[in-house]
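The values are calculated or read from the model by the stated rules, or taken from the named source; none is laboratory data. Note that the structure is a prediction, hence the values are computed from the model and not measured. Please note: Cβ atoms are built from the backbone with ideal geometry, for glycine as well, and neighbour counts cover all protein chains shown. Each accessible area value is taken on the protein alone, full model and side chains, heavy atoms only, with ligands, DNA and RNA left out. Shrake-Rupley method; radii C 1.70, N 1.55, O 1.52, S 1.80 Å.
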Amino acid sequence: CGGSISNSSGMLQSPFYPGSYPNNADCVWEIQVESNFRVMLTFRDIAMQSGRCQDDYIELYDGPPHSSPLLGRLCSGSFPTYVSSSNMMTVRFHSDSRYTFRGFQAHYSSIPADHNTTLQCLPDYMHAVVSRDYLQSQGYSAQMVTLNDNRCEPTVTSQEVIFNIPYNGCGTMREENNDTINYSNMIKVRSSGPIIKRKKDIHLHISCKMLQKTWIQIMYVAEDTIDVHENQFGRYDVNITFYDSSSFLHQVHDFPYYIDLNQNLYLQAYLHSSDPNLVVFVEACTASPDPHDFSTLTYNILENGCGDSSYATYSSPDSHFARFKFNAFEFISRHPLVYLQCELVVCRVRDYSSRCYQGCISRSKRDTSSAEEKVSVVVGPLQLREGGAQSRNTG
C-alpha cells in the first residue's frame with residue numbers, strides 16, 4: 001500500500017487485487033523516473049464504489065502530492081492514460097469504511113520528454129540547455145540567446161546553447177514563502193534586424209523550487225506560439241566524513257575505519273550548495289551491519305534530534321556544516337562491519353520555526369509548515385580494531 005517507486009516501468013494495483021481491497025485504506029505511491037523523462041500511467045482495470053468518487057477513489061497528482069496540480073480523480077468508467085509534465089507523478093488510493101470491491105490495476109512507464117529545452121537544478125547552479133535545432137526551427141540563431149543579465153554569457157556548442165546560472169548571481173531572484181524557496185531567472189531569445197519585428201521574443205522562464213521533500217525544476221516558454229514545459233525533480237548533495245579529533249582538522253580516509261571500543265568518533269556533515277541562506281541539521285543516525293537495511297538489526301545513536309548519552313555537537317564554521325560526535329558502542333563488538341545512516345534536514349537560515357532550530361523534539365510536536373528538505377547519507381564501514389590490526393590513518 002503505497003511507497004516510493006524509481007523503476008522505469010511497472011504495475012500498480014490496490015491492496016489484495018484482484019481480491020477485495022480493505023476498508024479505510026489510504027495508499028500513496030510516488031513514482032519518480034529519470035531526469036528529462038515523463039511518467040505515463042494507463043489504467044487496465046477499475047472496479048470501485050461508483051458515484052461522485054467521494055467514498056472510494058483514485059487521485060493522480062502531477063508531481064509531489066501536497067504541492068502539485070490534481071490530474072484527475074476517478075472511481076469507475078473508462079480506463080484513461082495520464083502523462084506527467086515532469087519526471088514525477090503521485091497516485092493516491094482511498095477507501096472508506098463501507099463497501100469494498102476489486103479495486104484497480106494500472107501500468108506505468110517512462111517516456112522521453114521534449115528535448116528542445118532541458119533543466120537540471122545542481123548544487124551550485126541551474127544547468128539550462130536550449131537546442132540549436134529548436135532555435136533554428138523557430139527562425140533564431142544561437143547569437144540571439146541571452147540571460148536576463150547579459151553579462152553572464154552561455155557556452156555555445158554545435159548543437160546546444162548552455163547556461164550554468166548560479167543561485168546567487170546573474171540576476172537570479174530568490175523568493176521565500178511558507179513551504180518553498182524559489183530561485184528564478186529568464187533566458188531571452190530576441191529577434192534582430194529591421195525595426196519592424198515579425199517574430200515574437202521567446203522568454204524561457206527558469207525556476208528551481210525547494211519543496212518539503214524534493215527540488216522541483218521548471219522551465220517554460222512564454223510569449224510564443226509554442227509552450228514548452230520542463231519539470232524535473234532532484235535532491236540536495238550532502239556528504240558526511242569522519243575526522244580524527246574534535247579539532248576537525250584531519251579527515252579520516254581509512255576504508256574500513258578501524259576503531260576501538262568506547263573510542264569517540266567525530267563526524268562532519270556538509271551541504272554542497274552555493275546558497276549561503278541554508279542551514280543543515282542532523283535529525284537521526286542509525287547503525288546497522290547491512291548498508292542496505294536500516295530497519296531490521298539496528299542501533300539508534302540519534303533519533304528526532306535526541307542523541308544517546310555519548311552524543312554531542314560542536315560549533316561549525318558556517319551553516320552548511322554540522323559537526324557532532326558519539327562513542328563507539330557495544331553494538332560494534334557484535335558485528336564484523338558496521339555502517340551508519342544519518343538523516344539530515346536542510347532549512348532556511350534564521351527560520352526559527354523550522355526543524356533545524358528545534359533541537360531534540362518528539363515527532364508528534366514537529367512543525368512541518370516551513371521549507372525543509374530531508375536527505376539520507378550512509379557512511380562506513382566501521383570495524384573494531386583487534387590485536388595486530390593497526391589504523392592506516394596517521395593523522
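Brief remarks follow.
- Failed item in (1) out of contact with any Leu (no Cβ under 9 Å at 6 or more places or on another chain); (2) modelled with pLDDT of 55 or more, with Ile240 passing the rest: (1)
- Flag if Arg92 is closer than 30 Å to Met186 by Cβ and open to solvent by less than 70 Å² (accessible area, probe 1.4 Å): no
- Residues of the range 349-379 classified as open to solvent by 40 Å² or more (accessible area, probe 1.4 Å), under 17 Å from Leu278 (Cβ atoms) and at pLDDT 75 or above, total: 5
- Filter result (closer than 15 Å to Val346 by Cα and open to solvent by 50 Å² or more (accessible area, probe 1.4 Å)) within the range 282-320: Asp318
- Selection over the range 114-140 of residues that are under 30 Å from His272 (Cβ atoms), small (Gly, Ala, Ser) and either surrounded by fewer than 20 Cβ atoms within 10 Å (Cβ to Cβ) or not assigned by the TED database to the domain that holds Cys152 (or both) gives a count of 1.
- Checking Thr81, Thr42, Thr100 one by one, the residue that is under 16 Å from Gln13 (Cβ atoms), over 17 Å from the mean Cα position of the chain (by Cα) and surrounded by fewer than 17 Cβ atoms within 10 Å (Cβ to Cβ) is Thr42 and no other.
- Qualifying residue in the range 53-68 (condition: buried (at least 18 other Cβ atoms within 10 Å of the Cβ), in a strand (DSSP E or B) and of a type in the set (S, T, N, Q)): no
- Only one of Val346, Val338 that is in contact with a helix residue (DSSP H, G or I) (Cβ under 8 Å, 6 or more places away or on another chain), open to solvent by less than 40 Å² (accessible area, probe 1.4 Å) and farther than 24 Å from Ile181 by Cα: Val338
- The requirement of being in a strand (DSSP E or B), under 30 Å from Ile181 (Cα atoms) and of a type in the set (Ser, Thr, Tyr) is fulfilled nowhere in the range 5-23; no residue meets it.
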